[in-house]
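Okay, structure first, notes after.
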C-alpha cells in the first residue's frame, strides 16, 4: 500500500516537473520567434549626415536577445566616431567591427558582418537611432 502511494507521489512530481519544463520551453520559443521577427523587420532610413549638427549622440536598439548602445560623434557633416558602449549579443561579437565600416563608408546601411548578421543589424539601427534624435 505504501509503495503504491509513494509511486503515485513520484508520478505527480514528475508530471509537475515536466509541465514546468514544457512551460519554460514554450516561453523560450515564443521569445525566439518575437526576436527573429523584430530583427527581420529592422529597416534603415537614408540619413543625410551632412545635415546633422555637430555633436555627440547616443542611440540604442533592443530586440530581446541582442542589445546595442552606441555613441556617435558628428563633426563638420561627417561621422568622426562610432563607439559601442554596450553590446549584448548571442554569438555576434564579431559584429562590433561594423562601427569601422560605418565610419569608413560614412553611412549606416553598410554590409553586415558575416556570421554576426543579427548583431550587425542591431548595431546599425542603434547608430541610426542616435542620428535621428
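The numbers here are math on the coordinates, done by the rules we state, and not lab data. Computed from a prediction, not measured in an experiment: that's the story for all the values here. Please note: Cβ atoms are built from the backbone with ideal geometry, for glycine as well, and neighbour counts cover all protein chains shown.
Side notes on the structure shown:
- Potential extension, residue 56-residue 40 segment - 0.36 nm per residue separation minus Cα distance: 2.9 nm
- Peptides 119-130, 94-105 ranked from most to least packed, by the mean per-residue count of other Cβ atoms within 10 Å: 119-130, 94-105.
- When each of the peptides 84-90, 40-46 is scored by the mean number of other C-beta atoms lying within 10 Å of its residues, the order from highest to lowest reads 84-90, 40-46.
- For the chain, the Cα gyration tensor yields ellipsoid semi-axes of 48, 12, 12 Å (square root of five times each eigenvalue, largest first, whole Å).
- Residues of the stretch 103-118 with amide N under 16 Å of a point placed 7 Å along Cα→Cβ from residue 83: 103
- Separation in nanometres of the label points that stand 7 Å from Cα toward Cβ, at residue 117 and residue 132: 2.2
- Projecting label points 7 angstrom from Cα along Cα→Cβ for residue 15 and residue 93 puts them 4.6 nm apart.
- Computed on the chain, with alpha-carbon pairs under 8 angstrom and 6+ residues apart, the relative contact order is 25 percent.
- Helix axis angle, 2-40 relative to the chain longest principal axis, alpha carbon, degrees: 20
- The protection proxy used here, the mean number of other Cβ atoms lying within 10 Å of each residue, ranks peptides 24-30, 66-72 as follows, highest first: 66-72, 24-30.
- Between 0 and 90°, nearest 10: helix 117-131 axis offset from the chain longest Cα axis: 50
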